[in-house]
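Below you'll find the structure, written out as structure tokens, and then a few comments.
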Amino acid sequence: MRAGGHLRSARICYAPSAPMPSRSTHCLSAALAMSCLMAACATTISTGAPTKPAPSLPTIAKQLQLHRPSPAPASQSAPLLALLESDVQRAMAELTVRADPPPHHLAYEATELHAFILRAADGALVESKQVRRRLLDVDVRVGTPALDDTHPRLEARYFLGSAELPLEDEPGALRNALWLHTDAAYKAARADLTKVQSELRVGIASDSDVADFSPQRPSRFIQSPARVVLDGPRWEERIKTLSAIFRDRPHIEQSFVRLEVSGATRAFATSDGSALQTARVHARIAVGAAATAGDGSALTRGDEFDAHTVEGLPAQDVIAARMRQLADELDSLVRAPVAAPYTGPAILEGRAAAVFFHEIFGHRVEGHRQKGDAEGQTFADRVGQPVMDDIFDVYDDPTIASVNGRDLNGHYLFDSEGAPAARAQLIEDGIFRGFLMSRSPIRGFDQSNGHGRRQPGYRAVARQGALVVDPEWVTSREALNAALLAEVRRQKKPYGLRIGEVTGGYTTTQRGDPQAFVVRPVMVYKIHADGREELVRGVNLEGTPLTVLAGVIAAANDFQVFNGYCEAESGQVPVSAVSPSLLLRQIELSREETAGQLPPILPPPVFEVAR
Amino acid sequence: MRRNALLGLAWVLWLTAAGASAPEAAGQPSQEPAAVVALRDEIQRAVKLSLPGMPSPHFVSATLFDLHEAAIEASLGAVVLDDRLHSRLLKTEMIVREGGLDSSNFHGEAESAVIAEQIAVDDDPYALRRAAWLLLDRSYKNATAVFEAKRAHQQSRVDGAQQSSTLGPGSVAIRFAPSPGPVDADRFVSIARNVSQVFAAYPDVHESSVKIALQGSLRTIVTSEGSQVQEPFIMARVEITCRTQASDGMPLADFAMFSAHSADQLPTEQTMIAAAREVAERVVALRAAPVVADYSGPVLFEGLAAAQVLRVLLAEELSATPPPEPGLGDPDDRPAFEGRAQWRVMPTMFDVVDDPLRTSLDGNPLLGGFEYDDEAQRAQRVEVIVEGRLQNLLGGRISSASGMNSNGHGRAGVTSEARGRNSNLLVSARKGLSQQELRRQLRSLAGREGLAYGLLILKLDEPRVTRQALSSRARFGGLPLPLVMMRIGVDGKEELVRGGVLQALRTRDLRHVVAAGREQTVYSYLASSSPVRGGSGGDIPTSIAAPALLFPDADVRMPATAHELPPILSRPASVTERVQSH
């Protein structure tokens, strides 16, 4: 829950796409979160060392192709970067002389965004717009690298605010904005340092023996600016045609098809000599539909198609087929029974498993969460200890641009603090190895591994980029299904579960909050002992991370990519998670909230008559 | 004028309906617009909505806004923003009724029955009908929840039944008009760039911007009573702003605003450049000006400041629509003029009319006009105050049980319900004085009080334009901070001063204004659609024309808050290099 720019309670949400207009929400209320988490506390699952999976599963060759491109540097000049470089040195030199205390680090980041956004619903165009913005972020660190204004304290400030820069390379206008916002950022950082020092004096601030800022070898890399062009009329027709697919389904109340093609060129210069210009093009088609069940539950189905170029988006017929499938699934959900709370074995299918790992594990290994007394520090004392079965490796590697031909939303070359993106080995052979690191050191880990990330306007902290669950061996999907049924019988359960899709989730990581997660599955199937499948709805998947990780016992060979946007202290950042389908010995389902909204009283207008 | 030309294309037909006024003119539509037909068809279905045990729809309306907008902003010769947008918003409203009680004008915990959503810009009747179907469904369900809450609230009050608002009678109108179409903003990019470049010559101005906003819209209202009213609206605005800090850290700002009924009517680039120079030079002068001392005595409001004062003290008190329940009964929420017809509320020299049918005053455009209000009622010129006595308040269709009928002033924001609001409020003074005579009178009053000077205020802050932090008084509906203020010495010496907060001026102080000007200044702004007075922001175009006002007694005090330090870093020389080298 965010208030006044501070994250008072670390509830971290993961959402695949823009929410459905006016109907759905990806974050639960605090009150609801508490009730769900209390339910999770009632489970009794062994938290001991991981047990070996069923030994009888056949292994097959793993299909996991990771593509890491080597982008070419630009041949052309970068005038905005050159201006940032000269001004960051000028401002640093002047502040060093005139400011008391002086800053020890200064960074400028200008993010130029050019986006095309098209949205259609019911076969008609709702929105067609271009957005052009240039945002300036100024990071001033006041004090010393050992102790500066970012030191963990009770009411840490993460939202700093961006300034709008001119869209044109007019030096006078640009320099005036840099001047004013550097001055304001310095004053704010100086005020923060005073609060840190005051909290240290009265013993509230923590981790005084760990430095606040790590050195980083300066990087210099210039990519050509991101250029996006869109054949607007052709794409308008494409998405209008697609959106008509949902219009013709009587159970669908609201729906959308949205295309966003954006180019972001980022110029970054620091007082310690880094100068970077990187470009990111992202194309996404998001589709979504909403219906209301007879009991008032709001039901949604949606999907996203992401690519690093417009041309990389799937063909029209591929998207259309997926939309028809989503419409069918939504129709089935409207008629599906509400599931009862349950504990037992389950298969999490690839994309659901990917989101699951992002929530239950990824957020807890973000470096800054091991720092300061406010955080739960679930993994702080687990380095070198087993946390999963020894077949599992888990790492976060933003240098991976695509997996098995699917582009990753979480791919980048340099993080928001100028550190080169690098693979962070988190779990190796089931042993916990380390954390996602920004330039904020923690005990035993004093260097960034290129995971300091932020949305413009926020302070960078360690975040996920491209999280990969990579088991040493995998089995076939059929064998995994058989293993589920065997586990159902072994646990004497009436049925197991198959979780096909999730729509998002959140996790709480701060002390005082339950160290728990909630993931919202949308396609949940009961798998009866006789192999019969039954779709159910109305449940959340929840639990505590150490218990659940220990219960992952096998993986299939069907790696899938989940692309989305993750919301936390440092704002919303694009992320990916990659996982095969996983067999879990035990998961817990609880009832989800219901909107209590009646379905529309009248039938929809009749299409032919209205025409 | 383009607006009138567009209105000329429209035809008007008044129909008679149950409870409606007599028809005015006759004619036959050649073809109903597709959007009107789609909304009418869905409304005809929506009037049959029902839930067990709940009242039925009594009044249903749908308003479609087709908006073409352009926003251009430049600073120091460079474009910061250039957005063009075509969007459509559909707003639905439902009032349910049972017995003598309806669901109108109640703001409890239930969700509002007025709902707005962005919808398709394509002329696709089916997409429009689907959107209307869902919004009207929600409006009805919300209206029943509001009705239940209102009934429960009324049952808990001794006088509830007498006080509750209801929907009053209205007339039915049919009128079709074309959309003004896209706005042509391309030529304003270079104008914004050139005007903003003016500030580069003023190194003591820290921040500056030139914003040009163009809007062309078509509003389509369809009601369950049979009204089908389309009305185009075009607006062009320019805001030139600069900000700085004095050496003691005090924030200083000034602005110039221009409004017109079309882009073609905006001032020339040269006029805007001159205005930019004027505000830059004034801000530079303010940096060197002394800080105003605590003051109690006569204050003269000239130019824009007089109209800004009347916005707070007069215009926001003129609504005939009762404040929404359940706040009803709290004396602080009651409009100052409620129940005061024929009371003297200003000196006898003042006359006030509100005329939505007027488009200009002495060549100055008035932006608050319309032919039909947001409840599809015919606009009317209303005499508000005659010779200082209150005659009429400004009403929409929502009124108290003992209240008046609409006089064509039901005005709503794009996403809110209509309330009685001013449109073009024209305040005039009989035997008004010249600027020289007024300033002489200010000096005379000050002298009589033993003061060395009187205060002249030329401009109050316009926080939406200057982005200044609001003082607590302004935030809660008080007067904004004075931006441009002068001491007028008893000896005739005039001196610019800075700082200060206006205190203790209330609506009743209008009774004691001792003199007023001959000339009127037009102030156009976007009024808040909040049902609470003094709400910030807003989207309701409004104009006030006012003469200078001399108050015999007002307090100006220094604000208690400390200022931010001036910049530690020196301003980069290259910001002004280009200008100096030319």
Exercise for the section: Over 26 Å between C-alpha atoms is what I'm after, so list which of A:Lys240/B:Lys91; B:Lys91/B:Lys459; A:Lys240/B:Lys211 land there. Expected result: B:Lys91/B:Lys459; A:Lys240/B:Lys211
Handout entry: Over chain A - Rg/Rh using Cα atoms and the Kirkwood inverse-distance radius
Key = 0.97
Practice task
Note the full-extension length gain between A:Asp446 and A:Asp272 as 0.36 nm times their separation in residues minus their Cα-Cα distance, in nm to one decimal.
Solution key: 60.9 nm
Practice task
Would you mind checking the tilt of helix B:304-313 against the longest principal axis of the Cα atoms of chain B, expressed as 0 to 90 degrees and rounded to 10?
Solution key: 50 degrees
Completion exercise
At 20 °C and 1.002 mPa s, the Stokes-Einstein diffusion coefficient in µm²/s for segment A:242-324, with hydrodynamic radius from the Kirkwood sum on alpha carbon pairs, is 140 µm²/s
Completion exercise
In whole percent, the fraction of accessible protein surface over chain A that belongs to carbon or sulfur atoms, probe radius 1.4 Å, stands at 53 percent
Practice task
Can you tell me which of B:93-101, B:426-434 comes out highest on packing, and rank the rest after it, using the mean Cβ neighbours within 10 Å?
Solution key: B:93-101, B:426-434
Fill in the blank from the handout: With R₀ set to 30 angstrom, the calculated FRET efficiency between the beta-carbons of B:Gln155 and B:Trp343, to the nearest 0.05, is 0.35
Practice task
Give the ranking of A:Ser416, A:Ser198 by solvent-accessible surface, highest area first, calculated with a 1.4 Å probe.
Solution key: A:Ser198, A:Ser416
Problem - Accessible area in square angstrom per residue, the protein assembly as shown, 1.4 angstrom probe - result: 37 Å²
Completion exercise
Each label sits 7 Å from Cα toward the beta-carbon; between A:Val229 and B:Glu98 the label points are separated, in nm, by 6.4 nm
Handout entry: the protein assembly as shown: radius of gyration over Cα atoms, expressed as a fraction of 2.2 N^0.38 Å
Key = 1.01
Problem - Additional length obtainable on full extension of the chain from B:Ser434 to B:Ala293, 0.36 nm per residue less Cα span - result: 48.0 nm
Fill in the blank from the handout: Expressed in square angstrom to the nearest 10, the accessible area of A:Ile587 with a 1.4 Å probe stands at 10 Å²
Problem - Surface accessible to a 1.4 Å probe, B:Glu207 within the full protein complex, Å² - result: 70 Å²
Completion exercise
From DSSP H assignment alone, runs of 4+ in the protein assembly as shown each adding -39500 (n - 2.57), the sum over residues rounded to the nearest 500 puts [θ] at 222 nm at -7000 deg cm²/dmol
Exercise for the section: Report the FRET efficiency, 1/(1 + (r/R0)^6), for A:Glu311 and A:Arg98, where r is their Cβ-Cβ distance and R0 is 51 Å, rounded to 0.05. Expected result: 0.50
Exercise for the section: Place +1 on the Cβ of every Lys and Arg and -1 on the Cβ of every Asp and Glu in segment A:467-611, take the dipole about the Cα centre, and give the residue among A:Gly531, A:Pro603, A:Val578 whose Cα lies farthest towards its positive end. Expected result: A:Gly531
Handout entry: Charge dipole magnitude, Cβ of K and R +1, D and E -1 - segment A:124-218, Cα centre, debye nearest 20
Key = 100 debye
Practice task
For the A and B pair, go ahead and give the buried accessible area with a 1.4 Å probe, both sides summed, in Å² to 100.
Solution key: 4700 Å²
Handout entry: Förster radius 51 Å - calculated FRET efficiency between A:Ser219 and B:Asp186 (Cβ-Cβ, nearest 0.05)
Key = 0.80
Problem - Label point distance in nm, B:Met404-B:Thr268, each placed 7 Å from Cα along Cα→Cβ - result: 4.5 nm
Practice task
Calculate the translational D of segment A:170-235 in whole µm² s⁻¹ from Stokes-Einstein, where the hydrodynamic radius comes from the Kirkwood formula applied to all Cα pairs, the temperature is 37 °C and the viscosity 0.692 mPa s.
Solution key: 191 µm²/s
Exercise for the section: Multiply the residue separation of A:Ala529 and A:Asp381 by 0.36 nm, subtract the distance between their alpha-carbon atoms, and state the gained length in nm to one decimal. Expected result: 49.3 nm
Exercise for the section: Compare B:Met404, B:Met485 by solvent-accessible area with a 1.4 Å probe and give them largest first, with all protein chains kept in place. Expected result: B:Met404, B:Met485
Practice task
Run the dipole for chain B about the Cα centre, Lys and Arg Cβ at +1, Asp and Glu Cβ at -1, nothing else charged, and hand back the magnitude in debye, nearest 20.
Solution key: 800 debye
Exercise for the section: Have a look at segment B:52-86 and report residues whose accessible surface goes down by 30 Å² or more when the remaining protein chains are included, against the chain on its own, probe 1.4 Å, ligands and DNA/RNA excluded. Expected result: B:Leu76, B:Ala78, B:Val79, B:Val80, B:Leu81, B:Asp83, B:Leu85
Exercise for the section: Give the carbon-plus-sulfur fraction of the accessible surface of segment B:202-310 in %, rounded to a whole number; probe 1.4 Å, heavy atoms of protein chains only. Expected result: 50 percent
Practice task
Using only Cα atoms, tell me the angle between helix A:232-247 and the longest principal axis of chain A; keep it within 0 to 90° and round to the nearest 10.
Solution key: 30 degrees
Exercise for the section: Give me the distance in nm between label points sitting 7 Å out from Cα along the Cα-to-Cβ direction at A:Ala482 and B:Glu32, one decimal. Expected result: 6.8 nm
Completion exercise
For A:Trp179 the rounded accessible area (nearest 10 Å², probe 1.4 Å, non-protein molecules ignored) is 10 Å²
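The values are calculated or read from the model by the stated rules, or taken from the named source; none is laboratory data. All figures in this text were calculated on a predicted structure; none of them were measured in a lab. Methodologically, a virtual Cβ is constructed for each residue, glycine included, from the backbone with ideal geometry; neighbour enumeration extends over all protein chains shown. Side chains are part of the model used for accessible areas, which takes the heavy atoms of the whole protein and leaves out ligands, DNA and RNA. Shrake-Rupley method; radii C 1.70, N 1.55, O 1.52, S 1.80 Å.
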